[in-house]
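Structure record follows, encoded as structure tokens.
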């Protein structure tokens, strides 16, 4: 993983790739158009943004993370990245395959055009959140030369997802280099590759989404107050871990016999934030993740209140890579991976199009958290406060054991990243 030297702000990156393969090839050669330039949506179009529909990506994210959770380990996904890549792909699905994908994405019964438009508006609002926070969502289609994709499939991905579309000779190393260069450019060098050479001769298309974030904490941690302390795992202790320290007023939530949680906003507008959830001693990280849901998260958001206290949070760096094929199959998308049953006839322009299927879904992510920041967040109004401590008693939150975190945007209610840290690494 490549880090950029001299930068103090903190990056997060997520990337998701779908490989589509086929059993039979027989089609006419076609060249893809360049992406459509997407301008600012008209006010009346922005007003059509459906918050409830957008929130369904959060439930998808929680379910995906629960599928991947296996005890105490470092893990991070970008629900935004995975959801977007699957949404792009669903534009080429039909019949039972589209129904299965829609159900997995929590949008069963939703008109495809409505779904696409809402995703476009959601991405626009996210990327316009804060001038002090860099947030980029990039999409691309890479097809094998000689493969004819249906114009409507390409148009929808360009119109609603601003996707770059290119036809390449997949038999060459240069094709792999070009795709990976796009990945590296889209993630500022933090993820250097997603495709390996040689490409399987049955692969006809890569759909790739990349999400990149960088920003400063609204209130930075003082590096002079960072101390080396012990981090406690269930079966071992890690010595000499750098812990950032801050005494301040925070938005804080405490649930008796469950967890402590804190919001750390970023940027001037504070529209984005990192939330850190620390299960109480005696409660496992696995049990905490098992109980997560969009409904539960919605309740917790309104229960944070301002409290004076001390936070000790370890610096950490994490790189994560995972195939999502098995998890998505368990979530109901198994038909999309079946060469005999998958129906992507809205994607490919030839009679044997029913033999196109998803061969894999790969996901990579990277995060680095230091004293100066990582994303920005909005302050949520506090309606209910649940805590066992008196309101005037300062709290202490020492994140010295495995914890869960998420990066959240207030305006769209989008959970951009979520993860668990069981071993802080530098």
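No value in this document is a laboratory result; all are computed from the given coordinates. These numbers were taken from a predicted model, which means no experiment stands behind them. Ideal geometry is used to build each Cβ from the backbone, glycine not excepted, and the neighbour counts take in all protein chains shown.
Quick look at the values:
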quantity: Spacing of the two label points (7 Å from each Cα toward its C-beta) at residue 148 and residue 293, in nm; calculated: 4.9
quantity: Quotient of Cα Rg and 2.2 N^0.38 Å for region 196-250, N being how many residues it contains; calculated: 2.12
quantity: Pairwise FRET efficiency - residue 393 versus residue 136, Cβ, R0 = 45 Å, nearest 0.05; calculated: 0.60
quantity: Inverse mean reciprocal Cα-Cα distance (Kirkwood Rh) of region 161-277, Å; calculated: 19.0
quantity: Peptides 279-288, 94-103 ordered by average Cβ neighbours within 10 Å, highest first; calculated: 94-103, 279-288
quantity: Calculated FRET value between residue 219 and residue 52, using beta carbons and R₀ = 30 Å, to 0.05; calculated: 0.35
quantity: Whether region 39-177 is rounded, prolate or oblate, judged on the alpha carbon gyration tensor where a/c under 1.5 counts as rounded; calculated: rounded
quantity: Mean residue ellipticity (222 nm) of the chain, computed from DSSP H runs ≥ 4 via -39,500 (n - 2.57), nearest 500; calculated: -7000 deg cm²/dmol
quantity: Cα coordinate range in region 147-226, projected on the principal axes (Å, largest first); calculated: 58, 30, 15
quantity: Using alpha-carbon coordinates, inclination of helix 112-127 to the longest axis of the chain, degrees; calculated: 40
quantity: Volume per residue of the C-alpha convex hull in region 256-315, rounded to whole Å³; calculated: 128
quantity: Measure of compaction for region 232-370 (Cα Rg per 2.2 N^0.38 Å); calculated: 1.49
quantity: Gyration tensor (alpha-carbon) shape descriptor, the chain, a/c threshold 1.5; calculated: prolate
quantity: Residue 173 versus residue 185: modelled label distance in nm, points set 7 Å from Cα along the beta carbon direction; calculated: 2.1
quantity: Cα gyration tensor, region 119-162 - rounded (a/c under 1.5), prolate or oblate; calculated: oblate
quantity: Length added when fully stretched, residue 44-residue 99, from 0.36 nm per residue minus Cα-Cα; calculated: 16.8 nm
quantity: Cα long-axis angle, helix 151-161 against the chain (0 to 90 degrees, to the nearest 10); calculated: 20
quantity: Alpha-carbon centroid distance for the pair region 320-335 / region 211-270, whole angstrom; calculated: 31
quantity: Residue 236 versus residue 111: modelled label distance in nm, points set 7 Å from Cα along the beta carbon direction; calculated: 5.6
